[in-house]
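Below is one structure, written out as structure tokens; comments come after it.
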Amino acid sequence: MTKQSEQLNIINAEHFHTTIDDRGIATITLTRPKVRNAFNAETIHHLLTTLAVLKHDPAVHILLLRAQGQHFSAGADINWMKDVAKLGYQENLADAAQLAKLMDKLNQFPKPTLALLQGACFGGAVGLVACCDIALATSTTSFCLSEVKIGLIPAVISPYVVTAMGVRQARRYCLTGELFSAAQALEYGLLHQIGDDLDSLAAPFIDNLLNNSPAAMQAVKSLIHDINNHAINDTLIADTSQRIAAIRVTSEAQEGLDAFLNKRQPHWAKG
């Protein structure tokens, strides 16, 4: 057992569990189906710790986020919201900062991330989905940014939700708090694909990712984050030129080019 695996065994509790298979696929599974996988401060704390462990584990190539039971997640746990309502401003600020940190760490996770969704995906759970690189759902999955219905706003998830589904749709659904379907989420860009079986839906994406250069995929994620909403100017042009020049001389790029020219699989390919 690796040091990382030992850490994950310690972290795994009632809120979720984490596995790493022999292909390097790490899976975080929310395990609170009785409360529709709602999350609270403890869940957030453990998820942050788990992401930190997985980020630095060289055996991990892909991260899947999924859930047990009929629903992906109802968002914030009711009991947690009751406790938060009793806190003062500074305590609320510290609490919100942890959720904001979770969204940021998932959004910035250096390896490819996939969210696999079923049932209800409400409130903060929509933020988790928006932070993943690829989002797949069953056709009956439903979404809701319901915060305004209880006098709140989807504040810390808003940067990721707006980026994923666009300003126009975010303005509508953050204001109305209405349900929208998987088909609508696909149309808006929050989802990439819908189907009846999540494992079958995810399989070709996973196969593609496992055949790509791990270092190149990390560099792509960094590139997209950094150029998003950045003006195309001399600074950006110089930056992108420097990035491609730097990766061309790496060992993985040299291996990939040699494999292509010699019509063989690169050493990282799993297929």
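The values are calculated or read from the model by the stated rules, or taken from the named source; none is laboratory data. As the structure is a prediction and not an experimental result, all values here were calculated from the model. Methodologically, a virtual Cβ is constructed for each residue, glycine included, from the backbone with ideal geometry; neighbour enumeration extends over all protein chains shown. Note: areas computed on protein heavy atoms with side chains; ligands, DNA, RNA excluded. Shrake-Rupley method; radii C 1.70, N 1.55, O 1.52, S 1.80 Å.
GNM on the chain, alpha-carbon springs under 10 angstrom: the most fluctuating residue among Asn228, Asn212, Asn79 is Asn228. Annotation: Tyr160 carries an accessible surface of approximately 40 Å², with a 1.4 Å probe and no ligand, DNA or RNA atoms counted.
Expressed in units of 2.2 N^0.38 Å, where N is the residue count, the Cα radius of gyration of region 1-159 is 1.01. Using a Gaussian network model of the chain in which every pair of alpha carbons under 10 angstrom is joined by a spring, one finds that among Gly177, Gly119, Gly127 the greatest mean-square fluctuation is at Gly177.
Using the 1.4 Å probe convention, the accessible area of the chain works out to 53 Å² per residue with neighbouring protein chains retained. With K and R counted +1 and D and E -1, the other residues having a Cβ less than 11 Å from that of Leu116 yield a net charge of -1. In the chain, the alpha-carbon atoms span a convex hull of 153 Å³ per residue. In a reduced charge model with +1 at each Lys and Arg Cβ and -1 at each Asp and Glu Cβ, region 148-271 shows a dipole moment near 240 debye about its Cα centre. Between Gln193, Gln90, Gln108, where does the largest GNM mean-square fluctuation fall for the chain, given springs only between Cα atoms within less than 10 Å? Residue with maximal mean-square fluctuation among Gln193, Gln90, Gln108: Gln90. A straight Cα-to-Cα reach below 16 Å connects Lys111 with the aspartates and glutamates Asp21, Asp57, Asp133, Asp207, Asp226, Glu252, residues fewer than 8 places away in its own chain not being considered.
From Cα pairs below 8 angstrom and at least 6 apart in sequence, can you work out the relative contact order of the chain, rounded to a whole percent? Mind showing how you got there, number by number?
Working: 422 pairs, mean separation 38.9, N = 271.
Reported relative contact order: 14 percent.
Extents of region 103-142, largest first, come to 30, 19, 8 Å (Cα atoms, principal axes, whole angstrom).
Rounded if a/c is under 1.5, else prolate if a/b beats b/c, else oblate: with a ≥ b ≥ c from the C-alpha gyration tensor eigenvalues square-rooted, which is region 203-265?
Values: a/c = 3.24, a/b = 1.54, b/c = 2.10.
It comes out oblate by the Cα gyration axes.
Its residues counted as N, region 11-99 yields a C-alpha radius of gyration over 2.2 N^0.38 Å of 1.20. Once the gyration tensor of the Cα atoms in region 13-53 is diagonalised, the equivalent ellipsoid follows with semi-axes of 20, 13, 6 Å, ordered largest first.
Run the dipole for region 67-138 about the Cα centre, Lys and Arg Cβ at +1, Asp and Glu Cβ at -1, nothing else charged, and hand back the magnitude in debye, nearest 20. If you can, show how the numbers build up before the last one.
Numbers: 5 positive and 6 negative charges, 17 e Å.
Result for region 67-138 is approximately 80 debye, rounded to the nearest 20.
Between the residues Val129, Val220, Leu257, the greatest Cα displacement towards the positive end of the dipole of the chain, with unit charges on the Cβ of Lys, Arg, Asp and Glu, is found for Val129. Once the mean of 1/r is taken over each pair of separate Cα atoms and inverted, region 81-213 shows a Kirkwood hydrodynamic radius of 15.7 Å. Overall size of region 168-223 from C-alpha positions, given as principal axis extents largest first: 42, 31, 13 Å.
Can you divide the C-alpha Rg of region 129-271 by 2.2 N^0.38 Å and report the result to two decimal places? It would help to have the intermediate numbers written out before the result.
Details: Rg = 19.4 Å, N = 143, 2.2 N^0.38 = 14.5 Å.
Cα Rg divided by the expected 2.2 N^0.38 Å: 1.34.
Within the accessible surface of the chain, defined with a 1.4 Å probe on protein heavy atoms only, the carbon and sulfur portion equals 56 percent.
Overall, the chain carries a charge dipole of about 200 debye about its Cα centre when +1 sits on the Cβ of Lys and Arg and -1 on the Cβ of Asp and Glu, all other atoms neutral. Summing Lys and Arg as +1 and Asp and Glu as -1 over all other residues whose Cβ lies under 13 Å from the Cβ of Gln169 gives a net charge of +1.
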